[in-house]
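Comments concern the structure below.
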Ligand code: SF4
């Protein structure tokens, strides 16, 4: 498939004339991975047919001069806001380093987007950048101030994807809950104010009289104190919006939250979880914590452990603190030794594993909606999918078997089905196929998948 500039995309770097590496510069581990990938791709200039190496994204936004100096194989360096210049760089522009001090790019529904995911799910970015002051975070410097897309643009993209057979849309932004605060609106028409709640009012129900496939809209990420009653009530009233909230909490200890400049205290986090469960019974909650931030004492960490055990969230990611130059947290004293931070990360994950096991058990015997994804890597005879409480790429899978009552069912990626949970592991489930709720859109590529009992 050729794109608008006449280039064809290949998945194999050894056959590419030009390689574009999109980098991340968020934390230490991501920076290392990005540099390793650049070096790996640079080798294809010798061993493959690659003639030009283009590096884009947050790492080149953050360290353009250093990368230019240290890795001479790089032909062009573009910042995180120079997306529109990638085609020129592929052709070979004169400008080697092109990085704006403040990134301003924002795509809309007219921007051509070749799909890099399976045909039944998409990420839709509704805003770029962030205005929050979190002390540990370099993202506002890398991505610039928040720029929100218009509700009309997002709705047009979402409905077009739905007509094309997309069943699941993951709305993404650095902080979904501040969506729209940078856009103008008519003060006499507060009902039209661009906000996440109003966006969900617009796209959260299927349009009448139109063929549509979209069944799951998922939110990544909300801010604890901005996950308001209004938002939760709209989620509850929107049939397409899944009962799933991805809300990074970062910590629970008041002193740590203050050092992190998060603008809330532990009590508000407990209250948010309670409110979410009141408005959305059965809601799946995902969060992320940072351990080892400067000033995290043993007793502060213990509070985090107590929270995880007590509140029983569904999915928890734990990161060790990464000191990022240019952030307020990097100036703080009372550093936690890296090995201590790593031990805390493991301990928190150990506690969460117990919670996760208990939660999986609660699903045993229940019928759940599953989006079929394809063959499992575990076995060519097993299919895998996800239920609505499992986000793509991060939350585990449901492995599917056929029951005696249902031996002939044929499934395709993108089918939405009912399945009964028969077994649960730490993060995955096994379920028996019951019936098809909505078949996937038939395309020339769609094919039946074998399932065994
Ligand atoms: S809200 Fe998220 S992206 Fe924004 S500064 Fe805080 S941690 Fe960074």
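Brief remarks on what is shown
- Tally of residues being touching a helix residue (DSSP H, G or I) at 6+ places or on another chain (Cβ under 7 Å) and surrounded by 19 or more Cβ atoms within 10 Å (Cβ to Cβ) across segment 330-355: 3
- Selection from segment 117-134 of residues that are near the ligand (Cβ under 9 Å from one of its atoms) and touching a strand residue (DSSP E or B) at 6+ places or on another chain (Cβ under 7 Å): 129
- So residue 92, is it at positive phi, in contact (Cβ under 8 Å) with a residue 24 or more places away in the chain and over 20 Å from the mean Cα position of the chain (by Cα): yes
- Residues that are in contact (Cβ under 8 Å) with a residue 24 or more places away in the chain, more than 12 Å from the ligand (Cβ to nearest atom) and out of contact with any strand residue (DSSP E or B) (no Cβ under 7 Å at 6 or more places or on another chain), drawn from segment 135-167: 150, 151, 153, 155, 156, 159, 160, 162, 163, 164, 165
- Residue match in segment 55-67 (condition: at positive phi and at pLDDT 90 or above): yes
- Any chance residue 385 is within 24 Å of residue 224 (Cβ to Cβ) and either touching a strand residue (DSSP E or B) at 6+ places or on another chain (Cβ under 7 Å) or modelled with pLDDT of 95 or more (or both): no
Yes/no matrix, rows are residues, columns are (1) out of contact with any strand residue (DSSP E or B) (no Cβ under 7 Å at 6 or more places or on another chain); (2) more than 30 Å from residue 369 (Cα to Cα); (3) free of Cβ contacts under 8 Å to residues at least 24 places away in the same chain:
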| residue | (1), (2), (3) |
| --- | --- |
| 273 | no, no, no |
| 279 | yes, no, no |
| 294 | yes, yes, no |
| 298 | yes, yes, yes |
| 303 | yes, yes, no |
| 308 | no, no, no |
| 316 | no, no, no |
| 319 | no, yes, no |
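- Residue 373 meets all of the listed conditions (1) surrounded by 13 or more Cβ atoms within 10 Å (Cβ to Cβ); (2) out of contact with any strand residue (DSSP E or B) (no Cβ under 6 Å at 6 or more places or on another chain) but one, namely (2).
- Residue 391 falls short of the stated requirement of being over 25 Å from the mean Cα position of the chain (by Cα) and modelled with pLDDT of 90 or more.
- Subset of segment 241-267 [closer than 16 Å to residue 293 by Cα and in contact with a strand residue (DSSP E or B) (Cβ under 9 Å, 6 or more places away or on another chain)]: 248, 249, 250, 251, 252, 256, 257, 260, 262
- The listed residue being surrounded by 13 or more Cβ atoms within 10 Å (Cβ to Cβ) and either at pLDDT 95 or above or under 23 Å from residue 105 (Cα atoms) (or both), out of 30, 84: 30
- Residues that are within 12 Å of the ligand (Cβ to nearest atom) and over 18 Å from the mean Cα position of the chain (by Cα) number at least 3 in none of the strands (runs of 3 or more DSSP E) confined to segment 168-268.
The values are calculated or read from the model by the stated rules, or taken from the named source; none is laboratory data. Quick caveat: nothing in here was measured; it's all calculated off a predicted structure. Glycine gets a Cβ as well: all are built from the backbone with ideal geometry, and neighbour counts include every protein chain shown.
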